[in-house]
Protein chains: 2
Amino acid sequence: MRVLIVLAHPERQSLTAALNQVVLKELEAEGHEVRTSDLYAIGWKSNIDRHDFPRLPNSQPLRVASASRHGYEETHGLTEDVRAEQDKLLWADTVVFQFPLWWFAMPAILKGWVDRVFSCGFAYGVGEHNDKRWGDRYGEGVFAGKRALLVVTTGGWAEHYSARGINGPVDDLLFPINHGILFYTGFDVLPPFVAYRVDRLDETEFHALADKLRERIRTIAVTNPISYRMQNGGDYIVPSMVLRDDIQSANPLGFQLHQI
Amino acid sequence: MRVLIVLAHPERQSLTAALNQVVLKELEAEGHEVRTSDLYAIGWKSNIDRHDFPRLPNSQPLRVASASRHGYEETHGLTEDVRAEQDKLLWADTVVFQFPLWWFAMPAILKGWVDRVFSCGFAYGVGEHNDKRWGDRYGEGVFAGKRALLVVTTGGWAEHYSARGINGPVDDLLFPINHGILFYTGFDVLPPFVAYRVDRLDETEFHALADKLRERIRTIAVTNPISYRMQNGGDYIVPSMVLRDDIQSANPLGFQLHQI
């Protein structure tokens, strides 16, 4: 396999960084090719702005989606740092994202990686729109056939992220990433690996956690992805993209509807 | 009222910026005091790193939560840009966030504002933990008594964000922000104002949208907030913070459980 690791933590002596070494070593031990985008180490620019589109005339207002589409289509229309990440994504057949959950979402540096690298015409705004299909998204798209896995750390308790815990279920909190970013662009999204109470881990607990993570990495090519519904598979009505009335679930509302 | 507007869009000729002017003018017409944090205009730094903690010794690894707590407590322990935003938040009794929904979440620049400004000891990690309460969060905290409102733009269709739409319900997509960031830190969170298909608006549609937004702003002090459950009000078991068994909902799973 060719694996891209996207790492977002400012400190090499953090648990996220230690788990990154666990992932890296396990992948190398299994003979996989690995490349890493260590966003803090490369000083990743997070804020999308007109400097992202070197060929956008100064006289023209920045319309992000259209500037992004034109930039993506033109030679030197995007910056080199963005192209390099797009190339790594195309090279990889599996992408592992390693980051701490800050305020129930990605750190800004990783969100800025998505905002800037997932260009229009590349990661969204692609495919035919007609009465049968609504573009290549949610199960189709540039990353179709690739796998993605989140490896997340949080200071919070597992119970607080459980089905009835106060933070909300962790799978729902990660839905905007797993479904809205990764499945949207075509990835097969694996169930996330989440480490809780990470500020309190002793050495024994770290080793147990590392063992679990190694097992997830060893099985990364065969683990069943989350069974999100394909957009263009017949479950959704075009163009409202609302689930057909006859599709029901134990849960009448919420994100679980979008899984089989 | 004293209103802080936090604005996150790179282009002054955008719909988000136009709606910002609508909000600003309406607030001023009503006689409110308004301050704005225009994050792109001030060149906001998004990526939290050790430069955020000027008094953290170089020899010491960056542990974000503890560095944040010490920085917050010490004179010159945080950077001036972060202190200025904290002061604005303390000054305001209402905060309006205006941003485009990019990949179902805040733009990186706004996420970076939260990551950096919501320090430990200020916005989280506060209050007593005992067998009756689990700190001041979810309905209590530094921003208790203040109101918050999201004003969001998206290129997508309203139907795609409806209860059974493919993106997931917009209220659930915004839950990590409204519940996880704003209610967590004590805000009364108003139902969000969401504008759809913003790339296609003609002038008539813009005026209709602006009218709706003006109405929301005019009623901002009296609109009922989202009825999230208080953490320490008896609905959750301490310390697992799981909802009591007898609390049921039409929806057995998902975020709606956390509303009354």
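Since every read-out is calculated from the coordinates, none of them should be taken as a lab result. If you're wondering where the values come from, they're calculated on a predicted model, not measured in any experiment. Counting neighbours? That spans all protein chains shown, and the Cβs are built from the backbone with ideal geometry, glycine included.
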Under a Cβ-only charge scheme (Lys and Arg +1, Asp and Glu -1), can you give me the dipole magnitude of segment B:2-226 about the Cα centre, in debye to the nearest 20?
340
What does DSSP give for the protein assembly as shown in terms of the percent of beta bridges that are antiparallel, rounded to the nearest 5?
20
Percent antiparallel among DSSP beta bridges with both residues in segment B:2-226, to the nearest 5?
10
Among B:209, B:183, B:141, whose Cα lies farthest out toward the positive end of the dipole of segment B:141-260, if unit charges sit on the beta carbon of Lys, Arg (+1) and Asp, Glu (-1)?
B:141
In nm to one decimal, list the spacings between the residue B:240 label point and its equivalents in the other copies, with label points set 7 Å along Cα to Cβ, shortest first.
4.0
Lys and Arg at +1, Asp and Glu at -1: add these up for the other residues within a Cβ distance under 9 Å of residue A:147 and post the number.
-1
Using Cα-Cα distances under 8 Å and only pairs 6 or more residues apart, what relative contact order does chain A have, in percent?
19
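Where in chain B lies the longest segment free of trypsin sites (Lys or Arg not before Pro) that are both loop residues by DSSP (not H, G, I, E, B) and have at most 11 other Cβ atoms within 10 Å?
Looking at chain B, B:1-131 is the longest stretch - no exposed trypsin sites (Lys or Arg not before Pro) with at most 11 other Cβ atoms within 10 Å.
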Here, residue A:65 and residue B:73, labelled 7 Å along Cα→Cβ, have an inter-label distance in nm of 4.8
Calculate the spin-label point distance for residue A:2 paired with residue B:51, positioning each point 7 Å from the Cα along the beta-carbon direction, and give it in nanometres.
3.4
Residue A:87 versus residue A:197, label points 7 Å from Cα toward the beta carbon: distance in nm?
4.6
Filtering GluC sites (Glu not before Pro) in segment A:1-38 by DSSP loop and by at most 15 other Cβ atoms within 10 Å leaves A:30
Three-way shape call for segment A:1-85 based on the alpha-carbon gyration tensor, with the a/c threshold at 1.5:
prolate
State, to one decimal in nm², a quarter of the convex hull surface area for the C-alpha atoms of segment B:2-226, i.e. the direction-averaged projected area.
14.0
Total lysine pairs whose alpha carbons fall under 15 Å of each other in the protein assembly as shown (8 or more apart, or interchain):
10
Place the label 7 angstrom along Cα→C-beta at residue B:30 and in each other copy, then list the distances from the first to the rest in nm, shortest first.
5.5
What average number of partner chain Cβ atoms lie no more than 10 Å from the Cβ of the residues making up A:3-13?
2
Computed over the protein assembly as shown, Kirkwood Rh from alpha-carbon pairs, angstrom:
23.7
Residue-wise HN-Hα coupling along segment A:92-109, computed from phi with Karplus coefficients 6.51, -1.76, 1.60 (Hz; x: Gly, Pro):
6, 10, 9, 10, 10, 9, 10, 7, x, 7, 10, 6, 6, 7, 5, x, 3, 4
Could you list the GluC sites (Glu not before Pro) in segment A:35-117 that lie in coil according to DSSP, counting only those with at most 15 other Cβ atoms within 10 Å of their Cβ?
A:74
Rounded to the nearest 5, what is the percent of antiparallel bridges among the DSSP beta bridges in segment B:1-109?
10
